[in-house]
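Undergrad: Mind having a look at this structure? Questions to follow.
The values are calculated or read from the model by the stated rules, or taken from the named source; none is laboratory data. Just so you know, these numbers come straight off a predicted model, no measurement behind them. Counting neighbours? That spans all protein chains shown, and the Cβs are built from the backbone with ideal geometry, glycine included. Please note that ligands, DNA and RNA were not included when accessible areas were found on the heavy atoms of the full protein model with its side chains. Shrake-Rupley method; radii C 1.70, N 1.55, O 1.52, S 1.80 Å.
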Amino acid sequence: MTLSAHGVDRLLAGHLWVYRSDVADASGAEPGAIVGLYDRRRRFWGQALYSSTSQIALRLLTRDNRPLDRQFLAERIAAAAAYRDQIARGSEAYRLVAAEGDGLPSLIVDRYGDCLVVQTLSQGMDRLKPAIVDILQERFSPRAIVERNDVAVRALEELPEQKGVLAGEAVSEVVVDEHGVRIAYDVLNGQKTGGFLDQRENRCAARDYGRGQVLDCFTYTGGFALNLAARAESVLAIDTSADALRLARRNQELNGWSNIEWREANCFDFLKAADHDAQRYDTVVLDPPPFARQKSNLASALRGYKELNLRALKILNPGGFLITCSCSFHVGESDFLGAVASAALDAHRAVQVVERRTQARDHVILLTVPETHYLKCLILRVV
Ligand SMILES: C[S@@+](CC[C@H](N)C(=O)[O-])C[C@H]1O[C@@H](n2cnc3c(N)ncnc32)[C@H](O)[C@@H]1O
């Protein structure tokens, strides 16, 4: 596989992806193969997974020429697991392997208690799936390994969408202890691989700010609501997904809280009405789905964030907290801060920045791969 000078420059800049336009010659490479990378002068630059269809033609696995065999995969998975032992203690659910962040591009492995959920999101990683499942079984002896490859991004690789149990028992609902809160996740049918594990640490951080009347917008299965309920007088938690709310009610039972009300509604409509009716809250959480899936959506995404945050700021009591999130990669932290600042100005509210947070540490961010940093979570206080 021969790279253009620009392709080599990307690797030298610490990135792991080479785009199709930076591949000078791919002749003879099979879809999903592991290929050696060379420049036009036949200098070696590393080994990568090759995709014959995606704009991301190459995903770097290593900058050396070691054999990329089962042992290599097992070592990378072991290193990822050792890091989680350090930083995810106290939770039975976390991201065990975070793709590029753990040197295994396009591989996600999430742990939910004694079940593992796998996504292989490129042709190359999909070919390695049998070896990965084998390693996971040998190392972790899970009750089940579930495949959640029912994601649209696989179309870019001309891979089919599929899900199911790859090994072990037939499972769907798994109950885990997440830092003292019991949460049931549906690993077979839930959103993402069952839940939004990237918010795990933010949900814990939010506990400090739950008081009085709490509003949890885009609650899913109650992640923030369940963490805030202990100190709040009451929590109103809203989502459009009836399936998610069914599990949320079950989570409430598992934890014995009686002060949470679940409501199936559109949060944009709810916030507009709450503002109009002059309802007041002491803590508001905003954790919407990504508004900018493509760069071209940036302007409309920023308008969406501004509107949501404007409404939320207007219904907060003085001294109240706003926990506001964006999981759109294309909306950078400064863009997001700008949208929220603009909302604060329009709402005529002075706002203190209490915490500037990001995704949980198991969702590894690589300094030289900006795409690995996508989640922003601001904790703000309205004065
Ligand atoms: C990022 S997830 C929230 C994750 C959750 N905060 C947690 O910690 O588990 C976004 C949620 O928004 C819901 N949703 C999407 N559009 C919505 C809307 N307009 N109004 C209410 N909920 C919506 C989805 O069903 C999904 O559960």
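Undergrad: For the chain, calculate the relative contact order in percent as a whole number, restricting contacts to Cα pairs under 8 Å that are 6 or more residues apart.
TA: So the answer I get is 11 percent.
Undergrad: Still on this structure, please answer the following. Which residue fluctuates most in the GNM of the chain (Cα springs below 10 Å): F196, F140, F329?
TA: F140
Undergrad: Quick one: Cα convex hull volume of the chain, Å³ per residue?
TA: Considering the Cα atoms of the chain, their hull volume per residue is 132 Å³.
Undergrad: Can you give me the distance in nm between label points at N266 and A167, each placed 7 Å from the Cα along the Cα-to-Cβ direction?
TA: For N266 paired with A167, the spin-label model returns 4.5 nm.
Undergrad: Something else now. Using a 10 angstrom cutoff on alpha carbons, build the Gaussian network for the chain and name the most mobile of D275, D150, D69.
TA: Of D275, D150, D69, the Gaussian network model singles out D69 as fluctuating most.
Undergrad: Something else about it: Calculate, for the chain, the solvent-accessible area per residue in square angstrom, rolling a 1.4 angstrom probe over the heavy atoms of the protein chains.
TA: Heavy-atom SASA per residue in the chain reads 42 Å².
Undergrad: Go through the stretch 66-106 and name the GluC sites (Glu not before Pro) that are in a DSSP coil and have 16 or fewer other Cβ atoms within 10 Å of their Cβ.
TA: Hits after loop and neighbour filter: nothing returned.
Undergrad: Report for the stretch 280-381 the percent antiparallel among DSSP-assigned beta bridges with both residues inside it, nearest 5.
TA: Here the antiparallel bridges make up roughly 70 percent for the stretch 280-381.
Undergrad: If you don't mind, there's one more thing I want to ask. Report the calculated FRET efficiency for D114 and T2 (r = Cβ-Cβ distance, R0 = 56 Å), to the nearest 0.05.
TA: Efficiency, rounded to the nearest 0.05: 0.75.
Undergrad: Separate question: How much of the DSSP bridge set in the chain is antiparallel, in percent, rounded to the nearest 5?
TA: The answer is about 70 percent antiparallel.
Undergrad: Return, ordered by residue number, the residues of the stretch 271-303 whose backbone nitrogen is under 14 Å from a label point located 7 Å along Cα→Cβ of S342.
TA: From the stretch 271-303, the list is 297-303.
Undergrad: Share of antiparallel DSSP beta bridges in the stretch 1-157, in percent to the nearest 5?
TA: Rounded to the nearest five, the antiparallel share is 85 percent.
Undergrad: Using only Cα atoms and rounding to the nearest 10 degrees, what angle (0 to 90) does helix 242-255 make with the longest principal axis of the chain?
TA: So the helix axis and the longest Cα principal axis differ by about 70 degrees.
Undergrad: Can you give the extra length, in nm with one decimal, that the chain gains between Q71 and N189 once fully stretched, where that is 0.36 nm per residue apart less the Cα-Cα distance?
TA: Value of the extension gain: 39.2 nm.
Undergrad: Now for a separate question. Pick out which of A341, A93, A82 has the largest mean-square fluctuation in a Gaussian network model of the chain, springs linking Cα atoms closer than 10 Å.
TA: Of A341, A93, A82, the most mobile in the Gaussian network model is A82.
Undergrad: If you don't mind, another one. Report the rotationally averaged projected area of the stretch 322-383 based on its alpha-carbon convex hull, in square nanometres.
TA: For the Cα atoms of the stretch 322-383, the hull's average projected area reads 4.3 nm².
Undergrad: While we're looking at this one, here's another question. Round to a whole number: what % of the accessible area of the chain belongs to carbon and sulfur, probe 1.4 Å?
TA: Here it works out to 49 percent.
Undergrad: Past the 15 angstrom mark, what percentage of all C-alpha to C-alpha distances in the stretch 93-171 do you count?
TA: 52
Undergrad: Please determine, in degrees from 0 to 90 and to the nearest 10, the orientation of helix 267-276 with respect to the longest principal axis defined by the Cα atoms of the chain, where the helix direction is its Cα long axis.
TA: Once rounded, one gets 30 degrees.
Undergrad: Can I ask one more? With each label point set 7 Å from Cα along the Cα-Cβ vector, what nm distance links S234 and L254?
TA: For S234 paired with L254, the spin-label model returns 2.6 nm.
Undergrad: Then there is this: Estimate the FRET efficiency between V153 and A299 by the formula 1/(1 + (r/R0)^6), using the beta-carbon distance for r and 22 Å for R0, to the nearest 0.05.
TA: The pair V153/A299 has a calculated efficiency of 0.40.
Undergrad: Number of Lys-Lys pairs in the chain under 26 Å by Cα, sequence gap 8 or more or different chains?
TA: Close lysine pairs under the 26 Å cut-off: 14.
Undergrad: Using r as the Cβ-Cβ distance of R43 and E333, and R0 as 41 Å, what FRET efficiency do you calculate, to the nearest 0.05?
TA: 0.65
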